[in-house]
Each structure stands twice: as C-alpha cells, then as structure tokens.
1. For each of Ser47, Ser110, count neighbouring Cβ atoms within 10 Å of the residue's Cβ, then give the residues from fewest to most.
2. Quick one: the Cα spread of the range 244-332 along its three principal axes, in angstroms, biggest first?
3. Tabulate in residue order the Karplus-calculated ³J(HN,Hα) for the range 31-39, using 6.51 cos²θ - 1.76 cosθ + 1.60 with θ = phi - 60°, rounded to whole Hz; enter x for Gly and Pro.
4. Net charge near Ile245, counting Lys/Arg +1 and Asp/Glu -1 over other residues with Cβ under 15 Å of its Cβ?
5. Which one of Pro244, Ser179, Leu74 is farthest out on the positive end of the charge dipole of the chain, using unit charges on Cβ (Lys, Arg +1; Asp, Glu -1) and the Cα centre as origin?
6. Considering the dipole of the chain built from charges on the beta carbon (Lys and Arg +1, Asp and Glu -1) around the Cα centre, which of Ala355, Val107, Ala284 is farthest to its positive end?
7. Under a Cβ-Cβ cut-off of 15 Å, what is the net charge of the residues other than Ala106 that fall near it, where Lys and Arg count +1 and Asp and Glu count -1?
8. If you line up the Cα atoms of the range 18-154 on their principal axes, what length do they span on each, largest first, in Å?
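Since every read-out is calculated from the coordinates, none of them should be taken as a lab result. Predicted, not measured: the structure shown is a model, and the values here were computed from it. Please note: Cβ atoms are built from the backbone with ideal geometry, for glycine as well, and neighbour counts cover all protein chains shown.
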Amino acid sequence: MLKQFFIICSGADTDILKECSIGEQNKYAGLGATVFFTALMATIASSYALYTVFDNLFASIFFGLIWGLLIFNLDRYIVSTIKKRDNVLDELLQATPRIFLAVIIAVVISKPLELKIFEKEINQVLLEQKNDLTLANQNQIAEQFTPKIEALNADIVTLQSEVTTKEAEVNALYDIYISEAEGTAGTQLLGKGPVYKEKREKHDTALAELQQLKADNSAKISAIETEILNQQNSYNANVTDSQPIIDNFDGLMARVNALGELPWLPSFFIFLLFLAIETSPILAKLMSPKGEFDFRLQDQETTVKTWTMQKVNERKLLLSTDNEINNKVYKDIAEEEAVIAYKHKKARELMQLQADAFFKNQKSAL
C-alpha cells in the first residue's frame, strides 16, 4: 500500500510499472518518497512562515497545506517529465530548466526553517534593533517638543532674572536710606530727616513694586511650568503610543533581514541540504541507467508516434493524389468544345446584361 502510494507520487505510469521488475518498482517508489517528503518539509516550512505573519495556527496550517500540495505537484511534474535519452547531453538540456526551478523551490523551503533554527539568534538581533529604534524614536519625538520646552524654560529664567534684578535694586535703596539715617553717607547727618524720608519712600515704593513683580512673575512661572508639564506629558504619550509598533517589529521581513545579519555559512549549509533534497529525484533519474520502465515507456510512445506519423503521411498522400486527379479531370474538361461553346454563350449574356444596366443608369442620369 505504501509502496503503491510512493509510486503514484513519482508520477510514473503505474500500468507500465506493474509489468516491470520489483527492483524497477522500488526505484520509482524511492523517487516518489523523496517527492512526498520534500512536499512535507515545504508544508512545515510554509506553515511556520505564515504563522509569523498571521499569528493564527489554523490559517497557517491551511495555507501551508496548500503550499505543500503546490510543491508536491511541481516536483511530481518535474520528475515525471524527465525522459531517459540515449544522449547524456540531451538529458542535461531537458533537465536544466527543471533544476533551476528546483533551486528556487529549495530557497523558498529552506528560508522559513532557517528562521526557526536560528530563532534565538534572530531574537537577539531584533532586540538590538528594537533598542536602536526606541532610542531613535525618542530622539525624533523629542525634536518636536524640546525647542518649545527650552523656550518656556528660557521664559522662566527671564522672569526670575527680572525678580533678581528688582531685589538688587530694592536692597541698594535699603542700604542708601539706612546709611542716610546713620549719617555715614548722603548728607552725613545722623537722624531721620527729610532726605531720609525721601529715600525711605523711594525704597518702600520699589519694595512694593518688587512684591507685585514677584506675585505676577510667580503666576506666570506657574503657568509656564504647567505648559512644560503638558509638553512633557505629550512627549511621554507619543513615546508610549509608538512603542507598541516597535515592540511588534518582529514580522517575517524583519526576521529575514535579521537572519542576513548573522554569519552566512550556517544558512548556506542548510540551503545546500534542502537543495540536495529538492534536486535528488532529478539527479537520481539523470544518473540512473536506462531501465526496464524506460524501455517499455519508449516502446509505447514510439508505437503511438509511428502510427500517428503513418496516418498523417497517408492523408498527405491521399490529398496529393486527389489534387493530381482533379487537375487532370479539369484539364480534360477545359479542352471539350461543348464546354467552350457554353462558356461563350454565358459570357455573351453577361456582357449584354452589363451593357443594358449601363444604358439604364446613363439614361436616368440624363
């Protein structure tokens, strides 16, 4: 039962193979087994690749089975269409496009399995890339908010410097009226005279202005600090909203690119393994000698070909003979006087009808 299934997988003519020896049947069963297991590996590889894309187990298995059936059909077609020739060069020429197709299939099959085999290493590469993307994203978002935050901080510094300058002015006025009272400066008269009162009033006015300036600037600084806090919250919200996109940066294309960052030699050997598996049925058929099945198949094909060519040649000969007979018959008829006289009569009638029609047309025009 299993042997018959593998023979069907090989694409060989089962009716012809039944008449062949057991060894010939086993050879094609081996070819069919290679075709089957190659398709099975394609199913597993494509299912894993699709799972990384859709993240759905049932959908991945379903489409993986479709892909495996496609690869099975292609491999079966490739093996079944390679015919054994008497010339090795002719066999290589007919197998060249099929080998090229097998190379493409091997690449498609091996890549998802490489992603699974080197999954840990790929995850490490992706982690480093995600960290770089996170820093780059934070810097890019910061470029939108940093100038405004710096401008707001500069406004705070300006307001604070106004208060500091005013405090220095008030302190200077305080020192002046105190010195006037002590008699160490100004009029140098001890006591609180008119000059003292004038300087004291000037100080008190400046002090009131300082208190008002402190109150106004404090309110402005509080509003600016609130705006800075809002800008920082907006920055954090933007970073938080964009971070899931970076965290999900582990799709199929990202993993393939990450695989390219790893050393190429291990991946190359895995590719060679699948290339050997994929091309093994073709190479086995090319390298194997012409067997009993090939002779029986050739006998069947040449029988049909010879019979078809014979029928075609007979039809061509029949057509050629019929043409020669027709030519001879018409040549003999052309030489008969009765036929010539009849043709003269009909030609004369036709010319008369044409002349009458021309006369009527000219008469109606006039």
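1. Final ranking by Cβ density, sparse to dense: Ser47, Ser110.
2. The Cα atoms of the range 244-332 stretch 96, 42, 19 Å along their principal axes.
3. Once θ is set to phi - 60°, the couplings for the range 31-39 become 4, x, 5, 4, 4, 5, 6, 5, 5 Hz.
4. -3
5. Checked the options; the winner is Leu74.
6. Ala355
7. -1
8. Largest first, the range 18-154 extends 96, 36, 23 Å along its Cα principal axes.
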